[in-house]
Amino acid sequence: MTFQDKTVVVTGAGRGIGKAIALAFARQGANLAINALHQETASAAAGEIQAIGAQAQWAALDVSDEQAVTQFADQVFEKFGAVHILVNNAGITRDNLFLRMKTEQWDEALAVNLRGAFLFTRIFARRMIRQKTGGRIINMASVAGEAGNPGQANYSAAKAGVIAMTKSCAREFGHYGITVNAVAPGLIETDMIRSMEQAAVDYVRKKIPAGRFGTPEEVADAVLFLASDSASYINGAVLRVNGGLLV
Ligand SMILES: NC(=O)c1ccc[n+]([C@@H]2O[C@H](COP(=O)([O-])OP(=O)(O)OC[C@H]3O[C@@H](n4cnc5c(N)ncnc54)[C@H](O)[C@@H]3O)[C@@H](O)[C@H]2O)c1
């Protein structure tokens, strides 16, 4: 797989899965435009990308802030001229049992996971269509978006929304040569998982046929495949990367 001369946007690439995706694209020759919530992580990730020899543009922003998203897109097009691949990866959890869930927890999970993916998809799909280059959009869903999860009704609803948005966009953008797919990870070793209670972690691990959690690099491999020429006829799919958790 080579992504030479391709420009890739990855949201939430300051750490974890997003950073692994950005670095994997950089190793295959792509130019990267990344963002994260905090300046330190976004700039450090950009430094790692540049150390590989790839170009990297970065910003600290909130993906649910429409004005910030527009400004970021303008800067990306000014620097690179075109964008070929968008990975909507930024996501957060705001866990609580449903009956105790605060309205703010519900709203925050929906804002980052779903509204963020909507804002980025709309602005970059419009520009991909104008470029007439086709493109690839890959959205980060989750096992929770397919199966639900106690304590994660907000996150699960957002990720189910991401899956439904993926399928709708696949239908709308297909004839522009843009494919839209989702990757649905199971449990992946990142800071997001490290904040889970140990009892919950042990409980879920027992249910995974692979007997282990996945790595960010294993998710990145799936994303690069969907972004590659090898996946040109895959559209509207949800690729599970979960070690068999949902089998
Ligand atoms: N780790 C898992 O087990 C797992 C499982 C299924 C799905 N996912 C999904 O994969 C994606 C990445 O997860 P992760 O485990 O790497 O998370 P993480 O918490 O390690 O990293 C999240 C990244 O997103 C950024 N981010 C958070 N809120 C943001 C915002 N409002 N605007 C811009 N950037 C923001 C953070 O700065 C960070 O760089 C998320 O969409 C998550 O829901 C993760």
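The values are calculated or read from the model by the stated rules, or taken from the named source; none is laboratory data. Quick caveat: nothing in here was measured; it's all calculated off a predicted structure. No Cβ is skipped: glycine too gets one built from the backbone with ideal geometry, and neighbour counts run over all protein chains shown.
For residues that are small (Gly, Ala, Ser) and exposed (fewer than 15 other Cβ atoms within 10 Å of the Cβ), tally how many sit in region 176-199. Selection size over region 176-199: 3.
Filtered by the rule that a residue be in a strand (DSSP E or B), within 14 Å of the ligand (Cβ to nearest atom) and surrounded by 17 or more Cβ atoms within 10 Å (Cβ to Cβ), region 39-74 gives Trp58, Ala59. What number of residues in region 156-193 are without any contact (Cβ under 8 Å) to a residue 60 or more places away in the chain, within 8 Å of the ligand (Cβ to nearest atom) and of a type in the set (Gly, Ala, Ser)? Summing the residues that are without any contact (Cβ under 8 Å) to a residue 60 or more places away in the chain, within 8 Å of the ligand (Cβ to nearest atom) and of a type in the set (Gly, Ala, Ser) in region 156-193 gives 1. Of the residues making up region 75-106, just one is loosely packed, with under 15 Cβ neighbours inside 10 Å and closer than 15 Å to Val10 by Cα, namely Gln75. Every condition in (1) away from the ligand (no atom under 13 Å from the Cβ); (2) modelled with pLDDT of 95 or more; (3) farther than 20 Å from Met101 by Cβ is met by Ala153 except one, and the failing one is (3). Of the helices (runs of 4 or more DSSP H) lying entirely inside region 145-220, those containing at least 1 residues that are over 14 Å from Thr93 (Cα atoms) span 153-173, 198-206.
Just for region 18-38: of the residues that are of a type in the set (A, V, I, L, M) and more than 22 Å from Ile123 (Cβ to Cβ), which one is nearest to the ligand (Cβ to nearest atom)? Per the stated criteria, the residue is Ala20. Looking across region 221-247, the residues that are assigned to a loop (DSSP other than H, G, I, E, B) and among the aliphatic types (A, V, I, L, M) come down to Ile234, Ala237, Leu245, Leu246, Val247.
Restricting attention to region 201-217, and to residues there that are within 11 Å of the ligand (Cβ to nearest atom) and out of contact with any Phe, Trp or Tyr (no Cβ under 9 Å at 6 or more places or on another chain), which single residue is farthest from Phe25 (Cα to Cα)?
First, pick out the residues of region 201-217 that are within 11 Å of the ligand (Cβ to nearest atom): 201, 204, 213-216.
Remaining after also requiring out of contact with any Phe, Trp or Tyr (no Cβ under 9 Å at 6 or more places or on another chain): 213-216.
Details: Phe213: 23, Gly214: 19, Thr215: 16, Pro216: 13 Å.
Applying the filter and picking the extreme gives Phe213.
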